[in-house]
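Encoded as structure tokens, the structure appears first; notes follow it.
No value in this document is a laboratory result; all are computed from the given coordinates. Because the structure is a prediction, the values reported are computed rather than measured. Virtual Cβ from ideal backbone geometry, glycine too; neighbours counted across all protein chains shown.
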Amino acid sequence: MDTQLDPGVTVLLVEDTPSDAYLMMRGISQSQMTAQLHWVETGEAALQFLRQRAEIVDKNHPRLVLLDLNLPGMSGQEVLTYIKADSSLKHIPVIIFTTSSDPRDILKAYQLQANCYVIKPIEAQEFIHATQQLLNFWLAIACLPGL
């Protein structure tokens, strides 16, 4: 399967733990994906990035959002709520990628219209592999609305 993407495809990573962000970046670099990863560490920074992109007329929205729940300040649930309430953003798939295995967090994420909920693997190689599988599915296999 050809996993080459338009190099203009952006994935927004909202992750406050640098080691987790690093593993995600490694996952992308070790795969055949050509997506650009934009990493922010807070919910506020994620919303600022999305608002700036929304002002660009050429539909330069991220193709996918990977969102941690446990963020400083604005929580991942609050970011998800904002994205899904905004008519210009709600079509962007939001994948919750977090350490929480609490059934209440999982249920709440889906109630807030998360597209997928994945518990971060503990072991580094499994983490990298999970990142690659997520990106492959959401960017190369799933049919998404034209962004």
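Where does the charge balance sit around I96 when Lys and Arg score +1, Asp and Glu -1, over other residues with C-beta under 15 Å from its C-beta?
-3
Under 11 Å from the Cβ of E44, count the other residues' Cβ atoms, weight Lys and Arg +1, Asp and Glu -1, and hand me the total.
Every neighbour counted, the sum reads -1.
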- V14: net charge of surrounding residues, Cβ under 9 Å, Lys/Arg +1, Asp/Glu -1, itself excluded? -4
- Return a whole-number percent for the relative contact order of the chain, with Cα pairs under 8 Å and 6 or more residues apart as the contact set. 25 percent
- Using every pair of alpha-carbon atoms in segment 10-141, split the distances into 5 Å bins beginning at 0 and state the percent of pairs per bin, rounded to integers. 2, 11, 22, 25, 22, 13, 4, 1, 0
